[in-house]
Amino acid sequence: MTLLIKAYRLLHQALSIRIWLAGIVVILLILLLALTVNNAREKEMVDLFSRQQLASAQNASVRLTEIFSQVEKNIVLFSFFDPNGKKLTQEDYWKMEVLYPVWENAIKAVLVFDANEKIRFILPQGALSAVDLASHFRAVKFQRGQYLNLALSDKLPKNSLPQKQDWYLIWGYPIWRYNNTFAGAWMVSFSLASLMEEGEKQIKDNQLGDLWLLNQQGQVLLHPHSSFIGKNIADLAKDNQGGKILFPSDSGRHLDAKVLQRNNKMQRSVIAYSPLRIAGNTWYVLVTAPYSRVIAPVRTTFLYTLFSALILILVIVVVGIYFAFREGKRWRIREERARHKEREDWQEKLLREKKTIDGIIEGSPIPTFVINNEHKVILWNRACIELTGYTAEEMLGTENHYKPFYSVQRPVIADLIINRDVEGLSKYYGSKKAKQSDKVLGAYEATDHFENLNGRSRELYFLAAPIYDEEGHIIAAIETLQDISREQELTRSLQEYAETLQNELAENIELRREIEGLYNYLQSIVKSLPDRIYELDKDGIVNFVSAGMKKSQREFKGKHFLDFVAPEIQEFLTARWEDAKRGIYRPYEIEATAKDGRKVNLLITTTPVVGTDHYILVQRDITEFKNLEKKLYNSEKLAALGQLSAGIAHEVRNPLSSIKMSLQILEKRMNPEGNDLKRFKIAQKEVEHLEELVNNVLVFAKPMDPKIVSVDLGKVLEQAVALTEKAISDKKLDVKLEIQEIPQVSGDTAMLTDAFLNIIRNAVEAVEDQGAIRIFARSIGSQPPAVLVVVDDNGCGIDEQDMPHLFNPFFTRKKYGTGLGLSQVLKIVEVHSGKLEIISEKDKGTKVCITLPCSEGQHASGDQKINDNGS
């Protein structure tokens, strides 16, 4: 019941706080709504007042415009009266005064000046101007047009503050004769205060604010406070952001701004203005009123309404509190009666529940006993009797609940909970996994082994928890006992099984690590192989491709190997694949085209994967082997040809010498003439040609043994050019020799000279008369360093079909050529570890490039040289 009373009090306090908070929120919402409505009404009031201001400003502007327009028209009429040399009669004065009845009291004086600055007459008659108009006349005379200006009264005492009635508006209009000669001017003096008096009075009567007058430059001409007259509007009024207010000249408008007051403080105000056009200038009529004065009626009404609402809310709150107190008192009486009845019902219910709980505990299959706060057993159920062998009659009302478990008296967990002795738990159950329970609040648990509990060895699990009364005091403790012997045995078995599994898992992990290491090692071997390996199934689908391919394995996997084969060899490869499926695993060669256009030779070997229907296809690039094979074949062919040629040349050389000598002797003895002499010369020329051919064959067949020294290629090229100088001169060729700063090369000077001589001679023979040959040498940044020599001509070029045979012995397209020159050049370049490349196109010329390695430790031979040979 105490708990119920506390809960009721807390609920009542929470409801009271919630009611007060709700009331405060409602009041705040009402205030917020009132402020919102008041703000909207203030805006409406300001907008209505601003439109009234604007209408008044426009009315004043229209009236002044009409006055100034009439004045301007009358002055234009007056200007037609020529005042020079004429004295006006009383009738003339009367006629002129009739022309300006609308001016009323605003006109203080109208003076007429002649061209010599003399006053001819004054209107009204006898009137005197409060302003010296002579200086303004001089301005009209200088300006020679309409004149409008503001001036102070001459009667104003010095050092005194001018009032608005001391300001006058001066208007001048020149008089012109027919020959466009200046004859004088009409000067009109207006009282600015009288001119604005009616409009100012109307605005004051309507309580619309103060009337201002500004000129086109923003200068204040009329202001309620005389100290502000003559100041600029930019110093007196700002917009709400503190910026300058712009006055468009096309129409009027109203705005919210800040206006300077007499105390030099800016005050929020409402301004309306309207433009006024006078004598070609635009002036402005302004009406200003403080913002606080505009919204004062609305704000006063709001304050009265708000005060009345607060009084009404206060009355409602007081009445509500009174009725709530009365109703609460009545409610508390009813609740007290209800609680008494509820308490009786609860007591009866608790008795029934106690009997039910006792029955549940008594019939529970879990051994359970309960002790009170005096450590006496008050409940010992049947399951506990079966476990311990002690009956309830032996235990109830006693402190012998320790006897079934221990031979000496000692506390069990329930006793320690009654005594709140947590330290005793560590003392008596320290080695028996004693701990606070995670499932039951305030409970503790432990396990213990008993060798002889009711005749059996048992492992027990203890769980004890406190029992509290209504005020939270411990009045008893309940302890349950569970025989976990079987569970412990299962646990031990599971632990042993887990250890076995753990050992097997460790062995499997180690075995997997070894397999992964072996797999990675085999993978690295496969990746390191120069050959490409493909694994195909029986249908020719690619399952694996070794590393090194430009395409990824993803692009190959799952596709047929013929998808990556050129169409022209697909039929051949299909036949070989069928042979492999029949068990015929002969290697075969194919020729393929690489992406860069190179022709490559591939050796394909197919073998089965043992124990499966898959196949391994090994692809080996044998292009280099094929090239070496061709070179070996050519070398053997050339060696045999050289030996044969050398033998023939040796046998032919001696007879040629005898024939040549006999021809020379016969020519001397017979002294032939005419055709006979011609035939002798032809025979001698052919013999010489045969001798040259024999010499070239012997040179080509003879093994080369170069004498390697450091050679200056510049001098070698100069000597080769000099040896062909006669042929160059005969054809009038333009030969340019450009030798840059190049290092020396290692080589045989004589051999290199013969090689370059052969190349230059070929270029001279290929070029037509007056052709061009360019020879240049430069160092190239290669490793090791080398020198590049290029012989470039614009001769007849070489057919594309002849390019593969250029270095074959005895291949020539010349009429008297031997076909051994380029073969000999290639042999010399290769002996010097160099490279020879020929680039040519029919009818466009030929470029021969020779690269020779530099001598070790040698530097450039000198500065660049450029030699020109030819006509």
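The values are calculated or read from the model by the stated rules, or taken from the named source; none is laboratory data. Please read all numbers here as calculations on a predicted model, not as lab measurements. Virtual Cβ from ideal backbone geometry, glycine too; neighbours counted across all protein chains shown. The area values use the complete protein model at the heavy-atom level, side chains included, leaving out ligands, DNA and RNA. Shrake-Rupley method; radii C 1.70, N 1.55, O 1.52, S 1.80 Å.
Given the criterion part of a strand (DSSP E or B) and free of Cβ contacts under 8 Å to residues at least 40 places away in the same chain, identify the matching residue among GLY172, GLY184.
Numbers: GLY184 fails: free of Cβ contacts under 8 Å to residues at least 40 places away in the same chain.
Result: GLY172 is the single residue among GLY172, GLY184 that is part of a strand (DSSP E or B) and free of Cβ contacts under 8 Å to residues at least 40 places away in the same chain.
Within the option set LYS204, LYS238, LYS244, being in a helix (DSSP H, G or I), without any contact (Cβ under 8 Å) to a residue 60 or more places away in the chain, more than 30 Å from LEU111 (Cα to Cα) and basic (Lys, Arg) holds for one residue only, LYS204.
Quick grid of which residues meet (1) in a loop (DSSP other than H, G, I, E, B); (2) modelled with pLDDT of 80 or more:
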| site | (1), (2) |
| --- | --- |
| TYR534 | no, yes |
| GLU571 | no, yes |
| ILE590 | no, yes |
| GLY597 | yes, no |
| THR606 | no, yes |
| VAL610 | yes, yes |
| ASP613 | yes, yes |
| LEU628 | no, no |
| LYS631 | no, no |
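Residue count for the range 440-464, restricted to those that are over 19 Å from ASP483 (Cα atoms) and open to solvent by 30 Å² or more (accessible area, probe 1.4 Å): 2. Residues in the range 256-268 that are touching a residue at least 24 places away in the same chain (Cβ under 8 Å) and either on the phi > 0 side of the Ramachandran plot or under 51 Å from the mean Cα position of the chain (by Cα) (or both): ASP256, VAL259, MET266, GLN267, ARG268.
Considering only residues in the range 102-155 that are among the aromatic types (Phe, Trp, Tyr), surrounded by 14 or more Cβ atoms within 10 Å (Cβ to Cβ) and not in a strand (DSSP E or B), the one that is modelled with the highest pLDDT turns out to be PHE137. In contact with a helix residue (DSSP H, G or I) (Cβ under 7 Å, 6 or more places away or on another chain) and open to solvent by less than 40 Å² (accessible area, probe 1.4 Å): does that describe VAL370? No: the conditions fail for VAL370.
Within the range 442-465, the set of residues being assigned to a loop (DSSP other than H, G, I, E, B) and either under 18 Å from GLY430 (Cβ atoms) or in contact with a strand residue (DSSP E or B) (Cβ under 7 Å, 6 or more places away or on another chain) (or both) comprises GLY442, ALA443. Filtering the range 388-423 to residues that are open to solvent by less than 20 Å² (accessible area, probe 1.4 Å) and closer than 20 Å to HIS473 by Cβ leaves ILE413, ALA414, ASP415, LEU416, ILE417. Looking at the range 34-59, I want the residues that are without any contact (Cβ under 8 Å) to a residue 60 or more places away in the chain and under 17 Å from ALA257 (Cα atoms) and have a partner that is of a type in the set (S, T, N, Q) and buried (at least 18 other Cβ atoms within 10 Å of the Cβ) with Cβ atoms under 8 Å, at least 6 apart or on another chain. Which pairs are those? Correct list of pairs: empty, since none qualify.
When you scan the range 511-530, how many residues do you find that are acidic (Asp, Glu) and under 46 Å from the mean Cα position of the chain (by Cα)?
As a first pass, look at the range 511-530 and keep what is acidic (Asp, Glu): 514, 516.
If we keep only those that are under 46 Å from the mean Cα position of the chain (by Cα) too, we end up with 516.
Of the residues in that region, 1 qualify.
Annotation note: of LEU698, LEU663, the sole residue that is modelled with pLDDT under 80, over 20 Å from GLY821 (Cβ atoms) and hydrophobic (A, V, I, L, M, F, W, C) is LEU663.
Go through ALA309, ALA289, ALA296 for me and flag whichever is more than 30 Å from LEU463 (Cα to Cα), within 60 Å of the chain's Cα centre (by Cα) and outside any helix (DSSP H, G or I).
Details: ALA309 fails: outside any helix (DSSP H, G or I); ALA296 fails: outside any helix (DSSP H, G or I).
When all the criteria are applied, what remains is ALA289.
Assess whether THR2 counts as being under 21 Å from ARG299 (Cβ atoms), exposed (fewer than 11 other Cβ atoms within 10 Å of the Cβ) and either modelled with pLDDT of 75 or more or among the hydroxyl-bearing types (Ser, Thr, Tyr) (or both). Criteria not met by THR2. Per the conditions (1) touching a strand residue (DSSP E or B) at 6+ places or on another chain (Cβ under 7 Å); (2) open to solvent by less than 60 Å² (accessible area, probe 1.4 Å); (3) not β-branched (Val, Ile, Thr), the sole criterion not satisfied by TYR468 is (2).
Which one of these is among the charged types (D, E, K, R) and either over 30 Å from PHE405 (Cα atoms) or open to solvent by 90 Å² or more (accessible area, probe 1.4 Å) (or both): GLU489, GLU479?
Working: GLU479 fails: either over 30 Å from PHE405 (Cα atoms) or open to solvent by 90 Å² or more (accessible area, probe 1.4 Å) (or both).
So the residue among GLU489, GLU479 that is among the charged types (D, E, K, R) and either over 30 Å from PHE405 (Cα atoms) or open to solvent by 90 Å² or more (accessible area, probe 1.4 Å) (or both) is GLU489.
Looking only at residues of the range 233-255 that are surrounded by 12 or more Cβ atoms within 10 Å (Cβ to Cβ) and more than 30 Å from GLN146 (Cβ to Cβ), we find that the one that is nearest to the chain's Cα centre (by Cα) is ASP239. Kindly check whether there is at least one residue in the range 518-526 that is farther than 30 Å from GLN619 by Cα, at pLDDT below 90 and open to solvent by less than 70 Å² (accessible area, probe 1.4 Å). Looking for residues that are farther than 30 Å from GLN619 by Cα, at pLDDT below 90 and open to solvent by less than 70 Å² (accessible area, probe 1.4 Å), one finds none in the range 518-526, hence no. In the list ARG586, ARG576, ARG620, which residue meets the criterion of being open to solvent by 50 Å² or more (accessible area, probe 1.4 Å), within 25 Å of ASP537 (Cβ to Cβ) and assigned to a helix (DSSP H, G or I)? The unique qualifying residue is ARG576. In the range 824-847 there is no residue that is at pLDDT below 75, surrounded by 13 or more Cβ atoms within 10 Å (Cβ to Cβ) and part of a loop (DSSP other than H, G, I, E, B). A search for C-beta distances below 9 Å between a residue of the range 346-366 that is hydroxyl-bearing (Ser, Thr, Tyr) and any residue that is surrounded by 12 or more Cβ atoms within 10 Å (Cβ to Cβ), counting only pairs 6+ apart in sequence or on different chains, returns SER364/ASN381; SER364/ARG382; SER364/ALA383; SER364/THR480. Between ALA498, ALA580, ALA594, the distinction of being in contact with a strand residue (DSSP E or B) (Cβ under 6 Å, 6 or more places away or on another chain) and either over 13 Å from LEU617 (Cβ atoms) or not aliphatic (A, V, I, L, M) (or both) belongs to ALA594 only. For the range 415-430, the count of residues that are β-branched (Val, Ile, Thr), assigned to a helix (DSSP H, G or I) and under 30 Å from ILE616 (Cβ atoms) is zero. Against the numbered list (1) assigned to a strand (DSSP E or B); (2) over 30 Å from PHE142 (Cα atoms); (3) under 60 Å from the mean Cα position of the chain (by Cα), LEU211 comes up short only at (3). For the range 234-252, the criterion of a residue being of a type in the set (Asp, Glu) and at pLDDT 80 or above is satisfied by at least one position. Looking at ASP754, is it acidic (Asp, Glu), open to solvent by 60 Å² or more (accessible area, probe 1.4 Å) and closer than 16 Å to VAL825 by Cα? So ASP754 fits the description; yes.
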